[in-house]
Amino acid sequence: MGRPLRVAIAELQRNRRFMGTCPVCNEDFRLADATLFALDEPPPQAALAAITAMRERIGQQKADLEKARERMTTRAQRTAQAVNLGKIVEKIVPSFASFAYSPGDCRALFEPIDYLVFSGLTRSAVVDGLVFVDIKSGRARLNDMQKNIKDRVEAGAVRFDVTKFSGDRNGK
């Protein structure tokens, strides 16, 4: 390092008027508080220690990030498996003895509600009532659409309609 560079570094470290701005956080700091050195010479021990500490922090952050990614992947896989299992279960539940309705009374919709039950249909050929049934397992809950349907049914916003189809484009 040449004499003019040594003099400049010494002056920057001695005089507390000179300020620098951190390129990472944009905060100002006194150059007198920094470890200054010429790039054509080996860094001082304080700079090497700071670089080593920074590399260790970065390494730890990388390891933490990788663990978080693994947890997210595992969680996503478990959620997907639970959803798939739930879709299978909702199709076979009417065959279980513990199911509250006669399987013959059930008509599968699966979306947005799993079943429409015509209560009494197979027992007496007379429908006692209609029941919308959605099968849930584990921690599954009704989604927003299903909640809306539940609210509409409970509010009595259900009706029966007969639509005639003629095959004519004008509906005649």
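The numbers here are math on the coordinates, done by the rules we state, and not lab data. Everything numeric here is computed off the predicted structure, so don't read it as measured data. Cβ placement follows ideal geometry from the backbone for every residue including glycine, while neighbour counts extend to all protein chains displayed.
Among the aspartates and glutamates, which fall within straight-line cross-link reach of K62, defined as a Cα-Cα distance under 18 Å, with same-chain neighbours fewer than 8 residues apart omitted? Cα-Cα hits under 18 Å: E70. Shown here for segment 10-46: trypsin sites (Lys or Arg not before Pro) in loop regions (DSSP other than H, G, I, E, B) with at most 12 other Cβ atoms within 10 Å, namely R16, R17. Decide, for the chain, between rounded, prolate and oblate: order the square roots of the alpha carbon gyration tensor eigenvalues as a ≥ b ≥ c, take rounded if a/c falls under 1.5, and otherwise choose prolate if a/b is larger than b/c, else oblate. Prolate, because a/c is 1.5 or more and a/b exceeds b/c. Note on segment 10-50 and segment 122-172: Cα centroid distance 73 Å, given to the nearest whole angstrom. Charge dipole of segment 13-59 (Cα centre as origin; +1 on each Lys and Arg Cβ, -1 on each Asp and Glu Cβ, all else neutral): 180 debye, rounded to the nearest 20. Extension gain, A50-C22: 0.36 nm per intervening residue step, less the Cα-Cα distance, totals 8.6 nm.
With R₀ set to 45 Å, the beta-carbon distance separating D161 from T73 gives a calculated FRET efficiency near 0.40.
Quick check: from the Cα gyration tensor, does segment 27-78 come out rounded (a/c under 1.5), prolate or oblate? Here segment 27-78 falls in the prolate category. Counting only residues at least eight positions apart within a chain, or on another chain, the lysines with an alpha carbon under 17 Å from that of K147 are K136.
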